[in-house]
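Notes for the one structure printed next.
What follows is calculated from the coordinates using simple rules that are stated; it is not laboratory data. Not measured: the values here are computed from a predicted model. In this analysis, Cβ positions are derived from the backbone assuming ideal geometry, glycine residues included, and neighbour counts consider all displayed protein chains.
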Amino acid sequence: MKLNFSNKRIFRYITIIFLILSSFLIHPNRIKALDKSIGENLFIQHCSGCHVKGGNIIRRNKTLKISDLKRNGIDSPEAIAKVARLGIGSMNGYKELLGEKGDQIVANWIWEQSQKAWVQG
Ligand code: HEC
């Protein structure tokens, strides 16, 4: 059997493979998964010292659990991002350490954890 691929055909295969690979790379679920692990890492690096497991070792009634967040009026990812950036009360802001979009990414992760009562999974 003789293989007789024309250049055109090879080019088409390469294009198809490229499209499949790139659609996999930019798939929204992959971006979501990536953001999730970045969020978790930012949290571990910059927040968990005081907010271990979503608690608060300094102010017991200002945890990252949904009941406290709601009571204290910080009940959206955006509101958490603002606290992460600028701080609140006796907590400093972490704008520089979190980097561009880091505030939002870590806030989304925290918000998701708060919805799941900080139980892993
Ligand atoms: C050095 C300790 C410390 C670190 C590190 C820290 N926090 Fe805090 N956080 C606090 C304290 C203390 C408060 C309560 C501040 C107040 O109201 O006086 C607080 C409050 C908060 C609140 C409001 C919670 C509520 O129920 O009212 C959010 C949201 C929050 N922190 C997010 C973060 C995020 C996000 C990070 C990491 C980027 C972070 N914190 C890092 C000490 C810390």
Inset, instruction - State, in angstrom, two size descriptors of region 2-121 derived from its alpha carbons: Rg to one decimal place and Dmax to the nearest whole number. - result: 21.2, 76
Legend entry - Backbone HN-Hα couplings from phi across region 85-99 [Karplus 6.51/-1.76/1.60, Hz, Gly and Pro as x]: 6, 10, x, 7, x, 8, 8, 6, x, 10, 3, 5, 5, 7, x
Legend entry - Relative packing of 27-35, 105-113, which averages over residues the other C-beta atoms within 10 Å, highest first: 105-113, 27-35
Legend entry - Computed [θ] at 222 nm, deg cm²/dmol, the chain (DSSP H ≥ 4; -39,500 (n - 2.57); rounded to nearest 500): -18500 deg cm²/dmol
Legend entry - Residue-wise HN-Hα coupling along region 65-79, computed from phi with Karplus coefficients 6.51, -1.76, 1.60 (Hz; x: Gly, Pro): 7, 4, 5, 5, 4, 5, 4, 8, x, 10, 10, 7, x, 5, 5
Inset, instruction - Would you look at the GNM of the chain, springs on alpha carbons closer than 10 Å, and say which of Gly89, Gly99, Gly49 moves the most? - result: Gly89
Inset, instruction - Find out how many positive minus negative residues lie around Ile110, taking Lys and Arg as positive, Asp and Glu as negative, among other residues whose Cβ is under 14 Å from that of Ile110. - result: +1
Inset, instruction - With springs connecting C-alpha atoms under 10 Å apart, model the chain as a Gaussian network and identify which of Ile38, Ile66, Ile16 has the largest mean-square fluctuation. - result: Ile16
Legend entry - Flagged links, alpha-carbon separation over 18 Å, of Lys36/Lys116; Lys32/Lys53; Lys36/Lys101; Lys62/Lys82: Lys32/Lys53
Legend entry - Calculated from backbone phi, Karplus (6.51, -1.76, 1.60) coupling profile of region 15-32 in Hz, x at Gly/Pro: 4, 5, 4, 4, 5, 4, 4, 6, 5, 5, 5, 9, 4, x, 5, 5, 5, 4
Legend entry - Net +/- balance of residues flanking Ile26 in space, Cβ distance below 14 Å, scoring K and R +1, D and E -1: +1
